[in-house]
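Right, one structure below, let's go through it.
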Amino acid sequence: MVKPMAVRSLHNQVIHELGRLIVSGELAPGEGLPREELLAERMNVSRTALREAMKVLSAKGLIESRQKTGTRVRDTIHWNQLDADVLAWRCASMPTEDFVEKLVEMREIIEPAAAAAAARRRTAEQLETLATAYEAMAASANLDAWTEADLAFHEAMLHATNNELMVSLFSVVETALGTYFVLSARTASNFKYSLPHHKKVLDAIRRRQPEVARQAMVKMVSDSRSNIRRHSKKA
(Lines give C-alpha, C1' and ligand atoms only; values in the text may rest on other atoms or scores of the structure.)
Protein backbone atom coordinates (compact mmCIF):
# COMPACT_ATOMS: atom_id res chain seq x y z
CA MET A 1 0.00 0.00 0.00
CA VAL A 2 1.34 3.47 -0.90
CA LYS A 3 1.78 5.67 2.16
CA PRO A 4 0.24 9.17 2.26
CA MET A 5 2.59 11.90 1.08
CA ALA A 6 2.49 13.65 4.48
CA VAL A 7 3.71 10.52 6.27
CA ARG A 8 6.51 9.94 3.75
CA SER A 9 7.50 13.61 3.97
CA LEU A 10 7.78 13.52 7.77
CA HIS A 11 9.65 10.24 7.54
CA ASN A 12 12.17 11.84 5.11
CA GLN A 13 12.55 14.90 7.32
CA VAL A 14 13.53 12.72 10.25
CA ILE A 15 15.97 10.71 8.13
CA HIS A 16 17.73 13.81 6.85
CA GLU A 17 17.79 15.68 10.14
CA LEU A 18 19.17 12.77 12.16
CA GLY A 19 21.48 11.69 9.32
CA ARG A 20 22.96 15.17 9.08
CA LEU A 21 23.50 15.35 12.86
CA ILE A 22 25.26 11.98 12.88
CA VAL A 23 27.46 12.47 9.82
CA SER A 24 28.47 16.00 10.87
CA GLY A 25 29.58 14.67 14.25
CA GLU A 26 26.98 16.58 16.28
CA LEU A 27 25.80 13.14 17.39
CA ALA A 28 29.05 11.28 18.02
CA PRO A 29 29.77 7.56 17.58
CA GLY A 30 28.70 5.67 20.69
CA GLU A 31 26.27 8.39 21.72
CA GLY A 32 22.81 7.19 22.66
CA LEU A 33 19.66 8.68 21.17
CA PRO A 34 16.76 9.72 23.42
CA ARG A 35 13.99 7.19 24.05
CA GLU A 36 11.55 6.79 21.18
CA GLU A 37 8.71 8.75 22.75
CA LEU A 38 10.99 11.65 23.72
CA LEU A 39 12.69 11.81 20.32
CA ALA A 40 9.35 11.69 18.48
CA GLU A 41 8.07 14.55 20.63
CA ARG A 42 11.26 16.57 20.15
CA MET A 43 11.12 16.15 16.36
CA ASN A 44 7.35 16.71 16.28
CA VAL A 45 6.60 13.48 14.40
CA SER A 46 4.63 10.35 15.13
CA ARG A 47 6.37 7.34 16.60
CA THR A 48 5.44 5.46 13.41
CA ALA A 49 7.30 7.98 11.22
CA LEU A 50 10.24 7.90 13.64
CA ARG A 51 10.45 4.10 13.56
CA GLU A 52 10.46 4.05 9.75
CA ALA A 53 13.22 6.66 9.69
CA MET A 54 15.26 4.65 12.20
CA LYS A 55 15.01 1.58 9.98
CA VAL A 56 16.46 3.56 7.05
CA LEU A 57 19.30 5.01 9.16
CA SER A 58 20.05 1.54 10.48
CA ALA A 59 20.23 0.17 6.93
CA LYS A 60 22.73 2.92 6.11
CA GLY A 61 24.87 1.69 9.01
CA LEU A 62 24.56 4.91 11.02
CA ILE A 63 22.74 3.57 14.08
CA GLU A 64 22.05 0.32 15.85
CA SER A 65 19.35 -0.62 18.32
CA ARG A 66 19.79 -3.09 21.16
CA GLN A 67 17.23 -4.20 23.66
CA LYS A 68 19.07 -3.18 26.83
CA THR A 69 21.14 -0.21 25.66
CA GLY A 70 18.70 1.44 23.23
CA THR A 71 19.67 3.15 19.98
CA ARG A 72 23.23 4.40 19.54
CA VAL A 73 25.28 6.01 16.79
CA ARG A 74 27.64 3.51 15.17
CA ASP A 75 31.31 4.09 14.50
CA THR A 76 32.10 5.53 11.04
CA ILE A 77 33.69 2.24 9.93
CA HIS A 78 30.18 0.75 9.83
CA TRP A 79 28.61 3.53 7.76
CA ASN A 80 27.68 2.89 4.14
CA GLN A 81 30.06 5.57 2.87
CA LEU A 82 28.93 5.24 -0.77
CA ASP A 83 25.26 5.71 0.10
CA ALA A 84 24.03 8.81 -1.76
CA ASP A 85 22.49 10.34 1.39
CA VAL A 86 25.58 9.69 3.52
CA LEU A 87 27.76 11.32 0.88
CA ALA A 88 25.38 14.29 0.62
CA TRP A 89 25.37 14.77 4.41
CA ARG A 90 29.13 14.55 4.51
CA CYS A 91 29.46 17.09 1.73
CA ALA A 92 26.92 19.41 3.39
CA SER A 93 29.42 19.91 6.18
CA MET A 94 32.50 21.86 5.11
CA PRO A 95 34.72 19.15 3.60
CA THR A 96 37.63 18.36 5.88
CA GLU A 97 41.17 18.06 4.55
CA ASP A 98 41.04 14.31 5.17
CA PHE A 99 37.78 13.94 3.22
CA VAL A 100 39.16 15.94 0.30
CA GLU A 101 42.24 13.69 0.19
CA LYS A 102 39.98 10.64 0.02
CA LEU A 103 38.00 12.19 -2.83
CA VAL A 104 41.27 12.80 -4.69
CA GLU A 105 42.29 9.16 -4.19
CA MET A 106 38.92 8.07 -5.53
CA ARG A 107 39.41 10.23 -8.62
CA GLU A 108 42.97 8.91 -9.11
CA ILE A 109 41.67 5.34 -9.16
CA ILE A 110 38.55 5.81 -11.29
CA GLU A 111 39.04 8.62 -13.76
CA PRO A 112 42.36 7.88 -15.52
CA ALA A 113 41.16 4.33 -16.22
CA ALA A 114 37.80 5.71 -17.38
CA ALA A 115 39.49 8.19 -19.73
CA ALA A 116 41.53 5.38 -21.29
CA ALA A 117 38.46 3.15 -21.65
CA ALA A 118 36.49 6.00 -23.23
CA ALA A 119 39.27 6.53 -25.78
CA ARG A 120 39.00 2.86 -26.74
CA ARG A 121 35.22 2.44 -26.78
CA ARG A 122 33.45 5.78 -27.26
CA THR A 123 30.86 6.15 -29.98
CA ALA A 124 30.46 9.20 -32.21
CA GLU A 125 27.37 10.25 -30.23
CA GLN A 126 29.19 9.91 -26.92
CA LEU A 127 32.08 11.97 -28.25
CA GLU A 128 29.62 14.67 -29.29
CA THR A 129 28.11 14.74 -25.78
CA LEU A 130 31.58 15.04 -24.27
CA ALA A 131 32.49 17.85 -26.64
CA THR A 132 29.24 19.68 -25.84
CA ALA A 133 30.06 19.54 -22.12
CA TYR A 134 33.54 20.89 -22.83
CA GLU A 135 32.10 23.75 -24.87
CA ALA A 136 29.74 24.58 -21.99
CA MET A 137 32.74 24.71 -19.65
CA ALA A 138 34.58 27.05 -22.02
CA ALA A 139 31.52 29.30 -22.31
CA SER A 140 30.67 29.38 -18.58
CA ALA A 141 30.45 32.87 -17.13
CA ASN A 142 30.35 31.96 -13.43
CA LEU A 143 31.33 29.21 -11.00
CA ASP A 144 27.87 27.59 -10.91
CA ALA A 145 27.75 27.22 -14.69
CA TRP A 146 31.32 25.92 -14.73
CA THR A 147 30.65 23.31 -12.05
CA GLU A 148 27.52 22.03 -13.79
CA ALA A 149 29.38 21.70 -17.10
CA ASP A 150 32.43 20.17 -15.40
CA LEU A 151 30.31 17.46 -13.80
CA ALA A 152 28.57 16.84 -17.14
CA PHE A 153 31.98 16.40 -18.81
CA HIS A 154 33.10 13.76 -16.33
CA GLU A 155 29.73 12.01 -16.48
CA ALA A 156 29.88 11.94 -20.28
CA MET A 157 33.37 10.47 -20.10
CA LEU A 158 32.16 7.70 -17.78
CA HIS A 159 29.27 6.90 -20.13
CA ALA A 160 31.74 6.76 -23.03
CA THR A 161 33.51 3.83 -21.32
CA ASN A 162 30.42 1.75 -22.15
CA ASN A 163 31.02 0.03 -18.82
CA GLU A 164 27.77 0.02 -16.86
CA LEU A 165 29.60 -0.68 -13.60
CA MET A 166 31.67 2.51 -13.96
CA VAL A 167 28.54 4.47 -14.83
CA SER A 168 26.74 3.14 -11.75
CA LEU A 169 29.71 3.99 -9.55
CA PHE A 170 29.73 7.55 -10.88
CA SER A 171 26.02 7.97 -10.10
CA VAL A 172 26.74 7.01 -6.50
CA VAL A 173 29.70 9.36 -5.98
CA GLU A 174 28.34 12.21 -8.11
CA THR A 175 27.45 14.34 -5.07
CA ALA A 176 30.94 14.04 -3.64
CA LEU A 177 32.64 14.77 -6.96
CA GLY A 178 30.39 17.78 -7.50
CA THR A 179 31.49 19.15 -4.13
CA TYR A 180 35.12 18.47 -5.02
CA PHE A 181 34.84 20.27 -8.37
CA VAL A 182 33.33 23.32 -6.67
CA LEU A 183 36.07 23.33 -4.04
CA SER A 184 38.80 22.94 -6.64
CA ALA A 185 37.47 25.72 -8.86
CA ARG A 186 36.75 28.07 -5.94
CA THR A 187 40.32 27.85 -4.64
CA ALA A 188 41.83 28.71 -8.02
CA SER A 189 42.59 32.27 -9.06
CA ASN A 190 40.72 31.48 -12.28
CA PHE A 191 37.95 28.88 -12.03
CA LYS A 192 38.65 27.87 -15.64
CA TYR A 193 42.28 26.99 -14.85
CA SER A 194 41.73 23.30 -15.65
CA LEU A 195 40.11 23.89 -19.06
CA PRO A 196 43.33 23.01 -21.00
CA HIS A 197 43.51 19.67 -19.15
CA HIS A 198 39.93 18.88 -20.17
CA LYS A 199 40.78 19.77 -23.76
CA LYS A 200 43.69 17.30 -23.74
CA VAL A 201 41.43 14.54 -22.41
CA LEU A 202 38.79 15.35 -25.02
CA ASP A 203 41.31 15.38 -27.86
CA ALA A 204 42.84 12.06 -26.76
CA ILE A 205 39.41 10.44 -26.59
CA ARG A 206 38.55 11.88 -30.00
CA ARG A 207 41.78 10.46 -31.48
CA ARG A 208 41.32 7.10 -29.72
CA GLN A 209 44.58 7.42 -27.75
CA PRO A 210 43.95 5.55 -24.46
CA GLU A 211 47.35 6.12 -22.85
CA VAL A 212 47.40 9.81 -23.77
CA ALA A 213 43.89 10.16 -22.30
CA ARG A 214 44.98 8.36 -19.12
CA GLN A 215 48.01 10.59 -18.60
CA ALA A 216 46.04 13.76 -19.33
CA MET A 217 43.51 12.78 -16.66
CA VAL A 218 46.29 11.93 -14.18
CA LYS A 219 47.71 15.41 -14.74
CA MET A 220 44.28 17.01 -14.30
CA VAL A 221 43.67 15.30 -10.96
CA SER A 222 47.22 16.02 -9.77
CA ASP A 223 46.96 19.74 -10.57
CA SER A 224 43.58 19.95 -8.86
CA ARG A 225 45.03 18.34 -5.73
CA SER A 226 47.99 20.75 -5.73
CA ASN A 227 45.68 23.72 -6.14
CA ILE A 228 43.58 22.74 -3.13
CA ARG A 229 46.65 22.02 -1.02
CA ARG A 230 48.10 25.44 -1.80
CA HIS A 231 44.85 27.06 -0.74
CA SER A 232 44.75 25.01 2.50
CA LYS A 233 48.26 26.19 3.46
CA LYS A 234 47.29 29.82 2.91
CA ALA A 235 44.08 29.50 4.94
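The values are calculated or read from the model by the stated rules, or taken from the named source; none is laboratory data. In this text, all values refer to a predicted model and were calculated from it rather than measured experimentally. Here the Cβ positions follow ideal geometry from the backbone for every residue, glycine too, while neighbour counts run over all protein chains shown.
Only one residue in 155, 128, 148, 164 is under 25 Å from residue 82 (Cα atoms) and without any contact (Cβ under 8 Å) to a residue 12 or more places away in the chain, so which one is that? Outline the logic, then answer.
Numbers: 155 fails: without any contact (Cβ under 8 Å) to a residue 12 or more places away in the chain; 128 fails: under 25 Å from residue 82 (Cα atoms); 148 fails: without any contact (Cβ under 8 Å) to a residue 12 or more places away in the chain.
Going through 155, 128, 148, 164 in turn, just one is under 25 Å from residue 82 (Cα atoms) and without any contact (Cβ under 8 Å) to a residue 12 or more places away in the chain: 164.
Would you confirm whether any residue within the stretch 57-79 is under 29 Å from residue 184 (Cα atoms), surrounded by fewer than 20 Cβ atoms within 10 Å (Cβ to Cβ) and touching a residue at least 60 places away in the same chain (Cβ under 8 Å)? No - not one qualifying residue is present in the stretch 57-79. Filtering the stretch 120-138 for residues that are more than 30 Å from residue 34 (Cβ to Cβ) and modelled with pLDDT under 85 leaves an empty set. Residue count for the stretch 177-192 under the criterion of being in a loop (DSSP other than H, G, I, E, B) and at pLDDT below 85: the result is 5.
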